[in-house]
Amino acid sequence: MSDTKQHWENVFATKAETDFSWFQPYPKTSVEFLELFNLPLTANIIDVGGGDSHFIDALLEKGYQNIYLLDISANAIERVKKRLGETANKIHFIHSDVTEFKPEIKFDFWHDRAAFHFLTTETQIEKYVSIAEQAIHPNGYFVLGTFAETGPKKCSGLEIKQYNEASMNARFEKCFERIRCIEETHETPFNTTQQFLFCSFKRKSIS
């Protein structure tokens, strides 16, 4: 097991969800981006690095039928399954490092809140971008949330990479058209704040 995988297995084995700075009882910003796109309930949707976030709960409540959750931690996935109970049978769970992910289908909506910024080397970042380019349908949508330049420089004991609108767009502009970016002040369970950047993109048609 890689050091990164071991780190996240330990994190999700030892902490409650409200011990995480990123915890949200309801993922308001992510849902608002989702609602911009009027996706059919049969759309293929993936939450990348979802951990035990509540985004898939919101998707289930809205009636989406083809939901995928990818996480590097098996413990995180088991926590989601336990929380959802029988409803977990409606989710396709993928235990994988996103940089090693080999998608077997194409997605209409790719969501990532706070996974991408843990990739700090050019090799990791290039792998992620390439996989997203392959995995998202032409004209499909992509929403990415990372720490902004005024946000933290570390999270969960790990270094992260901060982004602004220009630097995020530069990573994805080859195959994606930027739609909208916003900064958000996230209130943590510890009564502190963190600055996030969220950007939405549309996969360009393949000529």
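Odds and ends about this structure:
- Calculated FRET efficiency, K174 to K106, Cβ-Cβ distance, R0 = 25 Å: about 0.90 to the nearest 0.05.
- Entry note, segment 39-203: relative contact order of 19 percent, from Cα contacts under 8 Å with a spacing of 6+ residues.
- Between segment 9-38 and segment 84-111, the alpha-carbon centres lie 16 Å apart.
- Residue order, fewest to most beta carbons within 10 Å, for D112, D47, D19, D97: D19, D97, D112, D47
- Among A115, T146, N169 the positive-end extreme of the charge dipole of the chain (Cβ point charges): N169
- Radius of gyration, Dmax [the chain; alpha carbons; angstrom]: 15.9, 49
- When DSSP beta bridges are restricted to pairs lying wholly in the chain, around 50% turn out antiparallel.
- Equivalent ellipsoid semi-axes, segment 1-41, via Cα gyration tensor eigenvalues times 5, rooted, Å: 30, 15, 8
Each reported figure results from applying straightforward, stated rules to the coordinates on display, with no laboratory input. What you see is a predicted model; the values in this text were computed from it and never measured. Virtual Cβ from ideal backbone geometry, glycine too; neighbours counted across all protein chains shown.
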